[in-house]
Amino acid sequence: MKVNKRGILAFGAIAATSAIVLTGCASGDSGESGSGETESGGSLTVWVDAERVDALQGAADSYEEKTGVAVELVGKSVDTMKDDFIQQVPTGKGPDVVMGAHDWLGELSTNGVVSPIELGDSAADYLPVALQAATYEGTVYMLPYAVENIAVLRNADLVPEAATSFDDMIATGTFVVEQGAEGNPYHLYPFQTAFGAPVFGTDASGSYDPTDLQLGSEGGFAFADWLGAQGAAGTLNTDIDGEIAKQQFLDGTAAFWLTGPWNVGAAVDAGVNVAIDPVPSPTDAAASPFAGVKGFFVSSESENKVAANDFLVNYLGTEDVQLALFEAGNILPALTAAADTAASDPIIAGFQTVGADAVPMPAIPAMGSVWQYWGVAEAAIINGEDPQATWQKLVDDVTAAIQ
């Protein structure tokens, strides 16, 4: 399931607009976020991760200086932001713009709380996977700013060269990946895709098709057999949770660790000579991890949608702002120029290389029916249950849940 670059660019090929409608902010009545109208006649309220406020303040100030539209940045907890947004938008008390993750899109769209974004010609300036993730049912709803995916962290002092295949990695040094009693399909997904078994197929536009469940493909059952073999060999182990996997890499017990950029700092601080490698494939096909994309959404109830779109596309979609967000979170920027600049760091460059094969985590509502069964089935197979029968039950359970 490769990214369809041609189709993606078509999604964003909507004429951009630079006119600004100076009307009141939809969230002006919110006791939490309401900034009054400026004398120039308008304001925007933007909910952001509390740790990203400083990175965005310069863009907010510049926008107000140039347009007269005040931009109030409201720091929020990422744990509650999505639910608060869904609850407040219908009341007219939500923000004009909210920062969030692309896999919110299915829920946000179903609840009718987001509006399309017009990227215009700037659509071509984003990493293809970022633009695909920002698109739902053929329409762009998110201004992407960061792309996150897993890769293999290698202790270069223990193993100087990258592994050429999964078997080569296992033969060369100890490998750990987070699992746990209920499994962790997010971390195993690269291996599943290597067997030609994505969760869902895609339609002509490149969007995920909930009616095309690929878990039950021939490749899915081949992957199940492989899982069982790895469990029997001890390569995959449900006793290895996130903390155990981390500790084994940090203390040198494991030379390879399949994880994300969020764990690189701990490894570097522990004195590990870290290299970032692609996920070694157990087949001749590429092992494609999930990509998680972060960005900004415009409220469907904003009274200043054109200004919100303008602020996102022409201010938050600039290299300087995306690099400021990168410095705040150390996650690869979604804007290609900013990503290339950030990739002067070899760690970031490594994740960017792996991300070129990544696919967006499905944001469609049907994905919820997959998560509840997926990890448990994989854990059972790793622990010795019959791979074919267990995988078939997974497919049957997911199919019934979706229907």
Checklist line | Lone unmet requirement of (1) surrounded by fewer than 19 Cβ atoms within 10 Å (Cβ to Cβ); (2) of a type outside the set (Lys, Arg); (3) closer than 12 Å to Phe311 by Cα for Ile117 | finding: (1)
Notebook entry, point to check: Any residue in segment 361-382 that is touching an Asp or Glu at 6+ places or on another chain (Cβ under 6 Å) and over 18 Å from Leu188 (Cα atoms)?
Noted result: yes
Next item on the list: Take segment 224-239 and flag every residue that is crowded, with 17+ Cβ neighbours inside 10 Å and either in contact with a Leu (Cβ under 8 Å, 6 or more places away or on another chain) or in a helix (DSSP H, G or I) (or both).
Entry: Ala224, Trp226, Leu227, Gly228, Gln230, Gly231, Leu236
Margin query: Tell me which helices (runs of 4 or more DSSP H) are completely within segment 4-93 and hold 3 or more residues being out of contact with any Gly (no Cβ under 7 Å at 6 or more places or on another chain) and at pLDDT 50 or above, or say none if there are none.
Written below: 53-67, 81-88
Item checked: Ala338, sole failed condition from (1) in a helix (DSSP H, G or I); (2) more than 20 Å from the chain's Cα centre (by Cα); (3) crowded, with 18+ Cβ neighbours inside 10 Å -> (2)
Next item on the list: Go through Phe200, Phe191, Phe221, Phe166 for me and flag whichever is within 19 Å of the chain's Cα centre (by Cα), surrounded by fewer than 22 Cβ atoms within 10 Å (Cβ to Cβ) and modelled with pLDDT of 95 or more.
Entry: Phe200
Note to self: Quick check on this structure: which one of Thr336, Thr318, Thr341 is out of contact with any Ser or Thr (no Cβ under 8 Å at 6 or more places or on another chain), under 20 Å from Val97 (Cα atoms) and at pLDDT 95 or above?
What the structure shows: Thr318
Item checked: Enumerated helices (runs of 4 or more DSSP H) restricted to segment 112-220, each holding at least 1 residues that are closer than 30 Å to Gln247 by Cα and small (Gly, Ala, Ser) -> 166-172, 185-194
Next item on the list: Identify all residues within segment 240-261 that are free of Cβ contacts under 8 Å to residues at least 24 places away in the same chain and assigned to a helix (DSSP H, G or I); write none if there are none.
Entry: Glu243, Lys246, Gln247, Leu250
Item checked: Ala162 in contact with a strand residue (DSSP E or B) (Cβ under 6 Å, 6 or more places away or on another chain), assigned by TED's automatic domain parsing to the domain that holds Val274, over 17 Å from Ala287 (Cβ atoms) and of a type in the set (Gly, Ala, Ser) -> no
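Condition check ((1) in contact with a His (Cβ under 8 Å, 6 or more places away or on another chain); (2) of a type in the set (Phe, Trp, Tyr)) across all residues:
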{"residue": "Thr336", "(1), (2)": "no, no"}
{"residue": "Ala339", "(1), (2)": "no, no"}
{"residue": "Ala342", "(1), (2)": "no, no"}
{"residue": "Pro346", "(1), (2)": "no, no"}
{"residue": "Phe351", "(1), (2)": "no, yes"}
{"residue": "Met361", "(1), (2)": "yes, no"}
{"residue": "Ser369", "(1), (2)": "no, no"}
{"residue": "Gly384", "(1), (2)": "no, no"}
{"residue": "Pro387", "(1), (2)": "no, no"}
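The values are calculated or read from the model by the stated rules, or taken from the named source; none is laboratory data. The structure presented is a predicted model; accordingly, all values stated were derived computationally and were not measured. Here the Cβ is made from the backbone with ideal geometry for all residues, glycine too, and neighbour counts use every protein chain on show.
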